[in-house]
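One structure is given here, and the rest of the page talks about it.
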Amino acid sequence: MYERCVSLDPSYASAWARLGRARWLTDKYNLGSLEGLRAADEAFQTALRLNPNLTLAHNLYTHVQVDQGRSLDAMKRLLDRAHQRRSDAELFAGLAHVCRYCGLLQPALVAHREARRLDPMISTSVMHTYFMLGDYERALETSASDYGYGTALALAMLGRVEEAVSLLQQRELAKPWRLGKLYLTSLRTLLEGKCEESVTVSEELMQATFRDPEGMYYLARQFAYLRQEAQALEMLSRAIRNGFFCHQAMVRDPWLDALRARAEFTELLRKAHHLQREASIAFLTGGGPALLGIRSEGY
């Protein structure tokens with residue numbers, strides 16, 4: 001429908017932005033192709049060329065940028081825009097998403113709260129921020145829009161494994177998208193104790209072209225839980241290299257405990273900390289603390 005909309009009116013910027021999201025989302029969980037990501041990017045570029053101030057496009061484009069490995073670029077762009085338009089919820093929703101990728105969890109939470117203050121109905125990815133903080137209760141409470149994986153993971157971390165398995169079984173039947181279903185199946189079989197099957201499905205995901213670096217991190221922690229240390233280290237390295245360097249989560253995540261004695265893991269933590277520090281400096285120089293009303297040392 002969005003493709004039809006822009007064919008009828010090629011100057012309609014908002015439709016191009018929504019088309020970009022639709023192209024990105026359907027490809028992300030199905031093929032994970034460069035072509036799909038490029039097509040989504042082109043739609044967002046068209047939207048922003050038609051209307052550089054379209055905050056809807058600035059928010060939704062963030063998801064494409066993080067899948068392109070450009071989380072720091074996205075954060076800088078959103079900080080600049082949000083200073084110009086402090087009353088626009090879309091910009092703060094984008095910041096709530098990308099700050100987590102950059103390891104800035106408290107700014108991500110504050111940005112989410114500001115987005116919701118400005119627009120109580122706006123959608124954000126705050127569930128994953130709470131998960132990275134180890135607050136699994138709040139992650140579960142804020143998981144209404146999740147497609148199933150994050151909700152089940154929060155349930156599992158709270159010890160509610162049977163509920164998690166039941167939910168995953170239901171969602172596997174409802175979700176036909178190939179890569180999305182693989183994530184659901186890999187987690188369900190892990191929680192059921194079917195380790196070999198979970199490893200097989202997880203390795204299929206590893207060989208696929210799923211581009212979200214946060215998804216790579218989730219897969220890394222599954223491999224670590226399954227004591228597949230080489231695969232876990234490889235996926236963790238990919239996550240960091242592609243723009244998810246949430247050092248705080250990596251330090252505390254109990255599913256990564258099997259890796260902590262490995263020198264390679266220590267080096268990956270060092271790299272994540274360095275990149276997170278770089279992001280913190282960019283957040284500071286970009287006026288992030290003043291924008292969100294937090295102390296410079298408070299993140």
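Just so you know, all these numbers are worked out from the coordinates, no wet-lab data involved. Note that this is a predicted model, so its numbers are computed, not measured. Every residue, glycine as well, gets a Cβ built from its backbone with ideal geometry; the counts of neighbours run over all protein chains shown.
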**OP:** For each of Arg4, Arg221, count neighbouring Cβ atoms within 10 Å of the residue's Cβ, then give the residues from fewest to most.
**Re:** Arg4, Arg221
Original post:
Using +1 on the beta carbon of Lys and Arg, -1 on that of Asp and Glu, and nothing else charged, what's the dipole of segment 1-94 about the Cα centre, debye to 20?
Top reply: 220
Subject >> Rounded to the nearest 20 debye, dipole of the chain from Cβ charges on Lys, Arg, Asp, Glu >> reply: 620
Original post:
Expressed in nm to one decimal, what extension gain is obtained for the pair Leu173 and Arg113 from 0.36 nm per residue of sequence separation less their Cα-Cα distance?
Top reply: 18.2 nm
Original post:
Which whole-number percent gives the relative contact order of segment 1-52, counting Cα pairs below 8 Å spaced six or more residues apart?
Top reply: 41
Subject >> Per-pair calculated FRET efficiency, R0 = 45 Å: Gln84 and Glu197 via Cβ, rounded to 0.05 >> reply: 0.30
Original post:
Among the lysines, which have Cα under 22 Å from the Cα of Lys76 when same-chain residues fewer than 8 positions away are ignored?
Top reply: Lys271
Original post:
Expressed as a rounded percentage, what relative contact order does the chain have, with Cα pairs under 8 Å and six or more residues apart?
Top reply: 17
Original post:
To the nearest 20 debye, what is the magnitude of the charge dipole of segment 1-52 about its Cα centre, counting +1 on the Cβ of each Lys and Arg and -1 on the Cβ of each Asp and Glu?
Top reply: 120
**OP:** Neighbouring Cβ atoms within 10 Å as the yardstick, rank Ile122, Ile240 fewest first.
**Re:** Ile122, Ile240
Original post:
Taking square-rooted eigenvalues a ≥ b ≥ c of the alpha carbon gyration tensor, is segment 134-260 rounded, prolate or oblate, where a/c under 1.5 means rounded and, failing that, a/b exceeding b/c means prolate?
Top reply: rounded
Original post:
In percent, how large is the relative contact order of segment 1-151, given Cα pairs closer than 8 Å and 6 or more residues apart?
Top reply: 14
Original post:
Roughly speaking, what is the stretch gain from Glu35 to Cys5, that is 0.36 nm per residue apart minus the C-alpha to C-alpha distance, in nm to one decimal?
Top reply: 8.7 nm
Original post:
Which order, highest average first, do 155-163, 12-20 follow once you tally other Cβ atoms within 10 Å for each residue and take the mean per peptide?
Top reply: 12-20, 155-163
Subject >> Residue-averaged [θ]222 nm for the chain, counting only DSSP H segments that reach four residues, each worth -39500 (n - 2.57) >> reply: -22500 deg cm²/dmol
**OP:** Sort segment 1-93 into rounded, prolate or oblate with this rule: let a ≥ b ≥ c be the square roots of the eigenvalues of the Cα gyration tensor; rounded if a/c is under 1.5, and if a/c is not under 1.5, prolate when a/b is larger than b/c, oblate otherwise.
**Re:** oblate
